[in-house]
1. Which net charge results for the neighbourhood of Arg34, defined as the other residues with beta-carbon distances under 15 angstrom from its beta-carbon, given Lys and Arg at +1 and Asp and Glu at -1?
2. With both bridge residues required to lie in the chain, what share of the DSSP beta bridges run antiparallel, to the nearest 5%?
3. In whole Hz and in residue order, list the ³J(HN,Hα) couplings for region 26-39 that follow from phi through the Karplus curve 6.51 cos²θ - 1.76 cosθ + 1.60, θ = phi - 60°; x for Gly and Pro.
4. Residue-wise, which Karplus ³J(HN,Hα) couplings in Hz belong to region 45-51, taking 6.51 cos²θ - 1.76 cosθ + 1.60, θ = phi - 60°, and x for glycine or proline?
Amino acid sequence: MRLAEAAPQDMGAVRIGDGLRFLAVAAPPYLAEREPLVTPEHPRNHRCIRQRLPTGKLYRWEFAKHGQEVSVDAAGVLTLDHSGLMAEAAAEG
């Protein structure tokens, strides 16, 4: 499985489900020491966990509200390619 934008142009693809959604999460102790995340621009001021896609490209965080979308290149101190490890790292702060 891959995100549609990460699939090579010559690869056949079949959509599964109604769409995949990501959530921006953080450990409560981490947030207690920092300014709250209010707008999509705020991840640039935090120690984020970045995701490396199978193509080697870094995932840009995507936010959408009322039909408007924005893509953010969040600053990161850790880059992982496994969602389970990403969740574990976030839970650890």
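Bear in mind that the values in this text are calculations on the coordinates, not laboratory data. Worth saying up front: this structure is predicted, and the values here are computed from it rather than measured. Neighbour counts are summed over all protein chains in view; Cβ atoms, including those assigned to glycine, are modelled from backbone coordinates with ideal geometry.
1. -1
2. Antiparallel: roughly 60 percent of the beta bridges in the chain.
3. Those phi angles translate into 7, 6, x, x, 5, 5, 5, 9, 9, 5, x, 7, 10, 10 Hz.
4. 9, 10, 8, 8, 9, 9, 10
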